[in-house]
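Engineer: Provided herewith is a single structure, encoded as structure tokens, for subsequent inquiry.
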Amino acid sequence: MTIVASYIGPESIIQKKQEYLIPCVYHFYKKPMQIVRGKMQYLYDHTGKQYLDFYGGVSVMNAGHCNPEVVEKICEQIRTLQHTTTIYLTQPIVDLAEKLAHITPWSLKRSFFCASGSEANEGAALLAQLHTNKHKFVAIQQGLHGRTKLTMNLTGLPLWRTDPNPLENIVHIPGAYCYRCAYDLTYPRCDLKCARYLEDVVKSGDYAAFIAEPIQGNGGIITPPPGYFKLIKEILDKYRVLFIADEVQTGFGRTGEMFAIEHGDVIPDIMTLAKALANGTPIGAFITNDTIASSYTRPGASTTGGNPVSATAALATIDVIEKHQLAQKARVLGDYFKEKLMALQQRHKIIGDVRGKGLMLGAELVKEDKIPAAEETDHVLERLKDCGILAGKTGVSRNVLTFQPPLVITGTDIDQVVTILDEILSDMERKPR
């Protein structure tokens, strides 16, 4: 006899959210579903309906939902030792630190573990201040770095800047948003003016660090052109300002390299990690070189940071990514997917731009004169969901259709998404909203 679990359903969940959660906790869809189960690239709702997940929990589930190779290691560890904190010696945390030293760009070696990406960015910023004895920061417009006091202020995306009393020691500069260039220029004739503007800011002194996502996730999959980060790093080195690469969304094979900054062929001074690091188990980290690490000597700890379960989950996740060559797979499938999306762009004028690397892709939906098509993006998301496909929406105007699936997807999965998206866009053209 089959035993069916009892679920309260979407309506009851929404009712409880409205009564017991802070209102800032929002959800997608006019008609949301209750997700109850996951298996690799699939999610299932309370009715048993299957969804092909092309958002990956916002770039978290790189190894797939409930990947048995990861889950087995987590269960084994949690049955043995769940938590002690760092005042006692355990092996998983040092094994993970050693592993990160081997897979991150050369010279990055020493890690500090915490419980989230926000904490990782906060800690990286503190480390930069300790090392440079300076207090100011430069960040990029439309970047997203966290929800703590400092990281919310480092964030340049208006949607997530809810602090009513913003800090004064942070400057935001235009990013490499080529589709909507702040200077109304075109690459490469622009001579990377957006990067060169950084020098006008940091030459005044007292800047500890520049923080940037190699590809801006929530900002709209904004992908800098070749040479951008090379020039950025040259400017930073000239004025002895540290470079913090925020790899919270882009790390662990997502973009076709283990870390997205590798596309820029530069080595950051500090790198922050979270999300896909442990495939959904809460963890964060920042990693740096020996010299910078030596500046942080006073006692510091994160109660659950690097605990045995999270560290074991991270080690298992990295093992899956390496063993199954998921970064290489993301590169190949990403090129295939991007080509398919660009073909859709030729058929549907609502797609203004297609960008990204690997399996971190975005299609910006626009009306005439590049006016953001936010309402249409919501409609497409809803239709995709009804057809059993989950995608995301990002960007300042929330008009960038975003795809960040588990790296275990197949070419057939991509074909399914593209075919259904083509049908939805064609239907919208036949029946204007």
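The values are calculated or read from the model by the stated rules, or taken from the named source; none is laboratory data. Since this is a predicted model, take the numbers as computed values, not measurements. Neighbour counts run over all protein chains shown; Cβ positions are idealised from the backbone, glycine included. Remember, those area values only see protein heavy atoms, side chains included, never the ligands or the DNA or RNA. Shrake-Rupley method; radii C 1.70, N 1.55, O 1.52, S 1.80 Å.
Engineer: On the given criteria, is GLN345 more than 21 Å from ASN218 (Cα to Cα), out of contact with any Phe, Trp or Tyr (no Cβ under 9 Å at 6 or more places or on another chain), open to solvent by 50 Å² or more (accessible area, probe 1.4 Å) and at pLDDT 95 or above?
Structural biologist: Here the answer is no, as GLN345 does not meet what is asked.
Engineer: Taking the range 78-98 as the search range and keeping residues that are loosely packed, with under 14 Cβ neighbours inside 10 Å and β-branched (Val, Ile, Thr), which one is farthest from GLY284 (Cα to Cα)?
Structural biologist: Out of the qualifying residues, it is THR80.
Engineer: Additional query: Within the range 44-59, work out how many residues are part of a strand (DSSP E or B) and surrounded by 23 or more Cβ atoms within 10 Å (Cβ to Cβ).
Structural biologist: Here is the first cut: in the range 44-59, the ones part of a strand (DSSP E or B) are 44-45, 50-53.
Still in the list and also surrounded by 23 or more Cβ atoms within 10 Å (Cβ to Cβ): 53.
Count: 1.
Engineer: Return the only residue of GLN129, GLN142 being open to solvent by 10 Å² or more (accessible area, probe 1.4 Å) and within 16 Å of the chain's Cα centre (by Cα). Working first, answer last.
Structural biologist: Details: GLN129 fails: within 16 Å of the chain's Cα centre (by Cα).
Unique residue meeting the criteria: GLN142.
Engineer: Among the residues of the range 60-77 satisfying the criterion of being of a type in the set (Val, Ile, Thr) and part of a helix (DSSP H, G or I), which is least open to solvent (accessible area, probe 1.4 Å)? Steps first, answer last, please.
Structural biologist: As a first pass, look at the range 60-77 and keep what is of a type in the set (Val, Ile, Thr): 60, 70-71, 74.
Retained after the next criterion (residues that are part of a helix (DSSP H, G or I)): 70-71, 74.
Numbers: VAL70: 4, VAL71: 57, ILE74: 35 Å².
Among those residues, the one meeting the criterion is VAL70.
Engineer: Output the residue which, of all residues in the range 348-398 that are assigned to a loop (DSSP other than H, G, I, E, B) and small (Gly, Ala, Ser), is most open to solvent (accessible area, probe 1.4 Å). Walk me through how you get there before you give the answer.
Structural biologist: So in the range 348-398, the residues assigned to a loop (DSSP other than H, G, I, E, B) come out as 348-350, 358-359, 367, 371, 373, 387-388, 391, 395-398.
With small (Gly, Ala, Ser) added as a condition, the list becomes 358, 373, 388, 391, 395, 397.
Numbers: GLY358: 8, ALA373: 0, GLY388: 6, ALA391: 2, GLY395: 4, SER397: 48 Å².
Ranking the candidates gives SER397 first.
Engineer: Could you tell me which residue of the range 247-265 is surrounded by the most Cβ atoms within 10 Å (Cβ to Cβ), considering only residues that are in contact (Cβ under 8 Å) with a residue 40 or more places away in the chain and touching a Pro at 6+ places or on another chain (Cβ under 8 Å)?
Structural biologist: We begin by selecting, within the range 247-265, every residue in contact (Cβ under 8 Å) with a residue 40 or more places away in the chain; these are 248-250, 252-264.
When the remaining residues are screened for being touching a Pro at 6+ places or on another chain (Cβ under 8 Å), the result is 250, 255, 259-264.
Details: THR250: 28, THR255: 30, PHE259: 24, ALA260: 26, ILE261: 27, GLU262: 18, HIS263: 20, GLY264: 22.
Applying the filter and picking the extreme gives THR255.
Engineer: A follow-up question, please. Looking at the range 232-246 only, could you name the residues that are surrounded by 24 or more Cβ atoms within 10 Å (Cβ to Cβ) and in a loop (DSSP other than H, G, I, E, B)?
Structural biologist: Result: VAL241, single match.
Engineer: Among the residues of the range 399-433, which ones are part of a strand (DSSP E or B) and among the aliphatic types (A, V, I, L, M)? First the steps, then the outcome.
Structural biologist: If we filter the range 399-433 for residues that are part of a strand (DSSP E or B), which is where we start, we get 400-403.
Once the filter is applied, which keeps residues that are part of a strand (DSSP E or B) and among the aliphatic types (A, V, I, L, M), the range 399-433 yields VAL400, LEU401.
Engineer: Would you check if LEU401 is open to solvent by less than 10 Å² (accessible area, probe 1.4 Å), closer than 24 Å to GLY280 by Cβ, free of Cβ contacts under 8 Å to residues at least 60 places away in the same chain and not β-branched (Val, Ile, Thr)? Give the steps one after another, and end with the answer.
Structural biologist: Working: open to solvent by less than 10 Å² (accessible area, probe 1.4 Å): yes; closer than 24 Å to GLY280 by Cβ: yes; free of Cβ contacts under 8 Å to residues at least 60 places away in the same chain: yes; not β-branched (Val, Ile, Thr): yes.
Yes.
Engineer: Another one. Please indicate, with yes or no, whether at least one residue in the range 160-182 is within 17 Å of GLN216 (Cα to Cα), open to solvent by 80 Å² or more (accessible area, probe 1.4 Å) and in contact (Cβ under 8 Å) with a residue 60 or more places away in the chain.
Structural biologist: No, the range 160-182 has no match at all.
Engineer: To continue, here is another question. Among the charged types (D, E, K, R), out of contact with any strand residue (DSSP E or B) (no Cβ under 8 Å at 6 or more places or on another chain) and open to solvent by less than 80 Å² (accessible area, probe 1.4 Å): is that true of LYS17 in this structure?
Structural biologist: Values: among the charged types (D, E, K, R): yes; out of contact with any strand residue (DSSP E or B) (no Cβ under 8 Å at 6 or more places or on another chain): yes; open to solvent by less than 80 Å² (accessible area, probe 1.4 Å): yes.
Yes, satisfied.
Engineer: Cβ-Cβ below 6 Å, separation at least six or inter-chain, first residue in the range 214-233 and at positive phi and touching a residue at least 12 places away in the same chain (Cβ under 8 Å), second assigned to a loop (DSSP other than H, G, I, E, B) and open to solvent by less than 20 Å² (accessible area, probe 1.4 Å): which pairs?
Structural biologist: Sorted first by the residue in the range 214-233, then by its partner, the pairs are GLY220/GLY395.
Engineer: Oh, and also: Would the range 171-178 turn up any residue that is within 17 Å of THR288 (Cβ to Cβ) and aromatic (Phe, Trp, Tyr)? Talk me through it step by step, then tell me what you get.
Structural biologist: We begin by selecting, within the range 171-178, every residue within 17 Å of THR288 (Cβ to Cβ); these are none.
No, the range 171-178 contains no residue that is within 17 Å of THR288 (Cβ to Cβ) and aromatic (Phe, Trp, Tyr).
Engineer: From (1) surrounded by fewer than 13 Cβ atoms within 10 Å (Cβ to Cβ); (2) in contact with a Gly (Cβ under 9 Å, 6 or more places away or on another chain); (3) under 24 Å from VAL58 (Cβ atoms), pick out the condition that doesn't hold for PHE229.
Structural biologist: Result: PHE229 fails condition (1) only.
Engineer: While we're on this one: Among the candidates ALA5, ALA101, which residue alone is open to solvent by less than 50 Å² (accessible area, probe 1.4 Å) and either over 23 Å from the mean Cα position of the chain (by Cα) or at pLDDT 95 or above (or both)? Outline the logic, then answer.
Structural biologist: On the way: ALA5 fails: open to solvent by less than 50 Å² (accessible area, probe 1.4 Å).
When all the criteria are applied, what remains is ALA101.
Engineer: Taking the conditions exactly as written (in contact with an Asp or Glu (Cβ under 9 Å, 6 or more places away or on another chain), farther than 14 Å from TYR177 by Cα, part of a loop (DSSP other than H, G, I, E, B) and open to solvent by less than 10 Å² (accessible area, probe 1.4 Å)), does THR272 satisfy them or not?
Structural biologist: On the way: in contact with an Asp or Glu (Cβ under 9 Å, 6 or more places away or on another chain): yes; farther than 14 Å from TYR177 by Cα: yes; part of a loop (DSSP other than H, G, I, E, B): no; open to solvent by less than 10 Å² (accessible area, probe 1.4 Å): yes.
Considered against the rule, which asks whether it is in contact with an Asp or Glu (Cβ under 9 Å, 6 or more places away or on another chain), farther than 14 Å from TYR177 by Cα, part of a loop (DSSP other than H, G, I, E, B) and open to solvent by less than 10 Å² (accessible area, probe 1.4 Å), THR272 comes out as no.
Engineer: Hey, can you tell me all the residues within the range 16-32 that are in contact (Cβ under 8 Å) with a residue 24 or more places away in the chain and farther than 16 Å from ASP386 by Cα? Outline the logic, then answer.
Structural biologist: The first filter runs over the range 16-32 and keeps only residues in contact (Cβ under 8 Å) with a residue 24 or more places away in the chain, leaving 24, 28-31.
CYS24 - this is the single residue of the range 16-32 that is in contact (Cβ under 8 Å) with a residue 24 or more places away in the chain and farther than 16 Å from ASP386 by Cα.
Engineer: Another question about this same structure. Restricting to the range 279-303, name every residue that is polar (S, T, N, Q), under 30 Å from ILE74 (Cα atoms) and open to solvent by 40 Å² or more (accessible area, probe 1.4 Å). Let's see the steps before the verdict.
Structural biologist: Taking the range 279-303 and keeping what is polar (S, T, N, Q), we get 279, 281, 288-289, 291, 294-295, 297, 302-303.
Cutting the leftovers down to under 30 Å from ILE74 (Cα atoms) gives us 279, 281, 288-289, 302-303.
Within the range 279-303, just THR303 meets the criteria.
Engineer: Let me ask something else about it. Select from the range 265-311 the residues that are under 13 Å from ALA97 (Cβ atoms) and at pLDDT below 95 and list them in ascending order.
Structural biologist: The answer is GLY305, GLY306.
Engineer: Do the conditions hold for ASP319, that is, is it farther than 30 Å from ILE103 by Cβ and either open to solvent by 60 Å² or more (accessible area, probe 1.4 Å) or of a type in the set (Phe, Trp, Tyr) (or both)? Full working, then the answer.
Structural biologist: Numbers: farther than 30 Å from ILE103 by Cβ: no; either open to solvent by 60 Å² or more (accessible area, probe 1.4 Å) or of a type in the set (Phe, Trp, Tyr) (or both): yes.
When the stated conditions are applied, ASP319 does not pass them.
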